Amino acid sequence: MSVKRKVVLFIATSLDGFIATEEETLEWLFEVEGEGDNGYSAFYDMIDTVLMGKKTYDWILNNHQFTEYPYKDKQSFVFSKFDHKNTDDVQFIKNDIPQFINQLKKNNGKTIWLVGGGQLFTYFLKNKLVDELYVTVAPKIIGTGIPLFNPGSYHVDLTLIGTQTFNQFVELHYKVL
């Protein structure tokens, strides 16, 4: 029996809805006392594919925290408006994202992680390509930055599947209806 794969967002946000500062930093996030890895390892074991936008991919490559691409053990796709040469780690996708995602969901495999960022996530929401959200809220208000939800004319209904706390963090798990 084949189980339909899901595209799932797994992300942390400030209480006021930002995933990074305007300077694209995450220091504010690491100032919060969590518990273990805040559920990251358990989630990471559920996935075999990662999706991200080119801006997120570039941030990962330029972040000095990483000495190499952190998702080498997963199939990785990067979405861009421009042509790029595939690497050993990622395949770039430019055209017909909904068709690509719907085909990917039909293939055998585990959960598909939508890593980010905000623009790509909004595109996925508008095109009904996201199945579930794990949004971990940090008790920080940073005022400005890169929003989790970009403004726009779209409406998405969710149902709460569960919550979990990791010390000061609260994870909200939603299914997209």
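Could you please tell me the mean projected area of the C-alpha convex hull for the range 1-76, averaged over all directions and given in square nanometres to one decimal?
In nm², the orientation-averaged hull projection of the range 1-76 is 6.9.
Using the Cα centre as the reference, give the magnitude of the dipole from point charges on the C-beta atoms of the range 93-177 (Lys, Arg: +1; Asp, Glu: -1; all else neutral), rounded to the nearest 20 debye.
My answer is approximately 200 debye.
As I understand it, the dipole of the range 7-176 uses +1 on the Cβ of Lys and Arg and -1 on the Cβ of Asp and Glu, about the Cα centre. Which of LEU148, LEU158, TYR44 lies farthest toward its positive end?
LEU158
Rank by packing, highest mean first: peptides 14-27, 91-104, 156-169, with packing defined as the count of other Cβ atoms within 10 Å averaged across residues.
14-27, 91-104, 156-169
At what distance in angstrom do the alpha carbon centres of the range 150-166 and the range 35-101 lie from each other?
22 Å
Given just the C-alpha atoms of the range 87-177, how large is their convex hull per residue in cubic angstrom?
Cα convex hull per residue, to the nearest whole number: 159 Å³.
Which value, in Å to one decimal place, does the Kirkwood hydrodynamic radius take for the range 7-176 when every pair of different Cα atoms is included?
Final number for the Kirkwood radius of the range 7-176 is 16.7 Å.
What residues have an amide H closer than 5 Å to that of ASP48, excluding those fewer than 5 places away on the same chain, when H is modeled at 1.01 Å from N in the peptide plane?
Amide H neighbours of ASP48: LYS110, THR111, TRP113.
Bear in mind these aren't lab numbers, they're just calculated from the coordinates by the rules spelled out. Just so you know, these numbers come straight off a predicted model, no measurement behind them. All Cβ positions, even for glycine, are placed from backbone atoms using ideal geometry, and neighbour counts span all protein chains on display.
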